[in-house]
Amino acid sequence: MSQRVTGNHHSPESPHRREPLLNPVIAESQPEVASAIARFGGLDAVMASAYGIDPESGIQDILPNRPFTRRKFLQQVAIAAALTVTTNCANPDPKEADLSPMSRLEKTHLKIGFIPITCATPIIMSQPLGFYQKYGLNVELVKMENWEQVRDSAIAGELDAYHLLSPMPIAMTLGLGSQPFPIKLASIENINGQALVLALKHQDKVKESKDFKGLTLGIPFPYSMHNLLLRYYLASNDINPDRDINIKQVPPSQAIKLMKAGELDGFLMPDGNAQQAVYEKVGFIYLLTKDLWDGHPCCSFAASKPWIDKHPSTFRALNKAIIDGCNYARNPGNRREIAQVIAAPEYLNQPQSVLEAVLTGTFDDGLGNIRTVSDRIDFDPYPWKSFSYWITAQFARWGMVEEQNISHEAIADEVFLTGLARQLAKQLGQTPPTIILRYEQLKFGLFDPSEPDAYLQGQIQKHGF
């Protein structure tokens, strides 16, 4: 039974607040749940309307003759989900208890693959700053050149866990671009933290979106937020990304070199690459992806289902280390220290000043302006399932999957380990969300995860693609 409730999770100090889809009854006590059930006609009525289960037969059905508004339906879903949460939390799985004793870990020496970009900050910094050791783990970080290499090493079983672009666990599970392989997205590594960069030669030529026609722009991987956000931006300005421009896949490490050689007019890449282009005086920052979708996911921490099943305690300890590290990285006071440790040759191999510009949010945009955007990149590990819904809607929009064969909810439930992320965060003394979906406010409109197909069709009808 899936918890289909939405709302606002962030603490008052968070800059990434979202309005709830409704005011759900999220039960923290049995009396509140009982009161809510009574108001909506009893437990049978709630479960019948919320989940389509006939109270007499127990058979799931659409119940077409039962009149109720969409709002009432959502309210009843909220109550049913509250019951689910209360039941599930009353007796937690003992395997998900505090895993600090090292003797309980099935494996302590691990290999984690990563791409050397700022998005990998939690995975990287957790080694020199001791977060892995804190949970009894000895981690070898394996630097890789491109996303195909990470994917193929994951499928071959050469790694224990990996740094993946947040759409990649979905794509790999569905068999997009590779054989189907079940991957679990355990936590989000970074939110925001990307930029659209143009070569300096375009500073007087590209003034608005229509000026992008005919350009060649780089992205790191087809199944990436970079590709999806670039397409979203262009399409929202009536530029067909498959017809009006040339999108070219390039490894992040090669993007600046190719722009210098004139093979790229620009790229949408992680902020470290963007700031390096400014540092080398070859490009300028045209747009931060934060301005397209504030709080959007970028990279993730993931592992395969077979590995997790074989090493459940180790997996939870590892995910706990990442969530703990993300919480440390969220504190602006820790950003300069983090920039110093991840700048090392074995990690990002970039000037510390470049990484400080990204992590602190005070940066030169390449056009002589010093900007301050404190959450240019941020680190919120909670894997909202509404992220998955938006990603799969875009997969369908751009022909990566067949629209009629996609189940947004089933895919999110299969891939995103949102409940476990919540539990581990609670063990760390954090206050994670109690819900799994929320509205996502993008630059050109609101995404309602309760109606992903309507959102998709609205985009296509408005722009023609």
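Quick check: is even one residue across the stretch 392-415 within 25 Å of S209 (Cα to Cα), in contact with an Asp or Glu (Cβ under 6 Å, 6 or more places away or on another chain) and either modelled with pLDDT under 95 or in a helix (DSSP H, G or I) (or both)?
yes
Could you grab me the full set of residues in the stretch 210-232 that are within 20 Å of G283 (Cβ to Cβ) and open to solvent by 20 Å² or more (accessible area, probe 1.4 Å)?
Residues satisfying the conditions are D211, K213, G214, T216.
Listed here are the residues, each with its yes/no results for (1) among the basic types (K, R); (2) buried (at least 16 other Cβ atoms within 10 Å of the Cβ); (3) farther than 21 Å from E145 by Cα.
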| position | (1), (2), (3) |
| --- | --- |
| L198 | no, yes, yes |
| K205 | yes, no, yes |
| E208 | no, no, yes |
| A235 | no, yes, yes |
| I256 | no, yes, no |
| Q276 | no, yes, no |
| K281 | yes, no, yes |
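Going by what's in this entry, would S388 be described as among the hydroxyl-bearing types (S, T, Y) and loosely packed, with under 15 Cβ neighbours inside 10 Å? Give the derivation first.
Details: among the hydroxyl-bearing types (S, T, Y): yes; loosely packed, with under 15 Cβ neighbours inside 10 Å: no.
No: the conditions fail for S388.
What is the residue count in the stretch 122-151 for residues that are within 24 Å of the chain's Cα centre (by Cα), open to solvent by 10 Å² or more (accessible area, probe 1.4 Å) and among the polar types (S, T, N, Q)?
Of the residues in the stretch 122-151, 3 are within 24 Å of the chain's Cα centre (by Cα), open to solvent by 10 Å² or more (accessible area, probe 1.4 Å) and among the polar types (S, T, N, Q).
Could you tell me which residue of the stretch 414-426 is most open to solvent (accessible area, probe 1.4 Å), considering only residues that are farther than 12 Å from T173 by Cα and not small (G, A, S)? Don't jump to the end; show me each part of the working.
To start, the set of residues in the stretch 414-426 that are farther than 12 Å from T173 by Cα comprises 417-426.
Within this subset, residues satisfying the condition of being not small (G, A, S) are 417-418, 420, 422-424, 426.
Numbers: L417: 39, T418: 1, L420: 20, R422: 32, Q423: 43, L424: 1, K426: 107 Å².
It comes out as K426.
Could you say which residue among D309, D324, D380, D375 is touching a residue at least 60 places away in the same chain (Cβ under 8 Å) and outside any loop (DSSP other than H, G, I, E, B)?
Values: D309 fails: touching a residue at least 60 places away in the same chain (Cβ under 8 Å); D380 fails: outside any loop (DSSP other than H, G, I, E, B); D375 fails: outside any loop (DSSP other than H, G, I, E, B).
It is D324.
Out of the strands (runs of 3 or more DSSP E) lying entirely within the stretch 187-255, which hold 3 or more residues that are free of Cβ contacts under 8 Å to residues at least 60 places away in the same chain?
On the way: elements: 194-199, 216-219, 246-249.
Once the strands (runs of 3 or more DSSP E) in the stretch 187-255 are filtered for at least 3 residues that are free of Cβ contacts under 8 Å to residues at least 60 places away in the same chain, what remains is 216-219, 246-249.
Those residues that are within 19 Å of P116 (Cα to Cα) and open to solvent by 20 Å² or more (accessible area, probe 1.4 Å), I need them from the stretch 348-374; list them, please. So that I can check it myself, show each step before the final result.
At the first step, the residues of the stretch 348-374 found to be within 19 Å of P116 (Cα to Cα) are 348-360.
N349, Q350, P351, Q352, S353, E356, T360 - these are the residues of the stretch 348-374 that are within 19 Å of P116 (Cα to Cα) and open to solvent by 20 Å² or more (accessible area, probe 1.4 Å).
Would you confirm whether any residue within the stretch 101-116 is assigned to a loop (DSSP other than H, G, I, E, B), modelled with pLDDT under 95 and farther than 17 Å from P306 by Cα? Outline the logic, then answer.
Start the filter on the stretch 101-116 by keeping residues that are assigned to a loop (DSSP other than H, G, I, E, B), which leaves 101, 105-108, 115-116.
Checking the rest, the ones that are also modelled with pLDDT under 95 come to 101.
This time we only want the ones that are farther than 17 Å from P306 by Cα, so: 101.
Yes - at least one qualifying residue is present in the stretch 101-116.
The values are calculated or read from the model by the stated rules, or taken from the named source; none is laboratory data. None of these values were measured; they are calculated from a predicted model. Heads up, the Cβs are rebuilt from the backbone with ideal geometry, glycines too, and the neighbour counts pull from every protein chain shown. All accessible areas refer to the heavy atoms of the entire protein, side chains included, with ligands and DNA or RNA removed. Shrake-Rupley method; radii C 1.70, N 1.55, O 1.52, S 1.80 Å.
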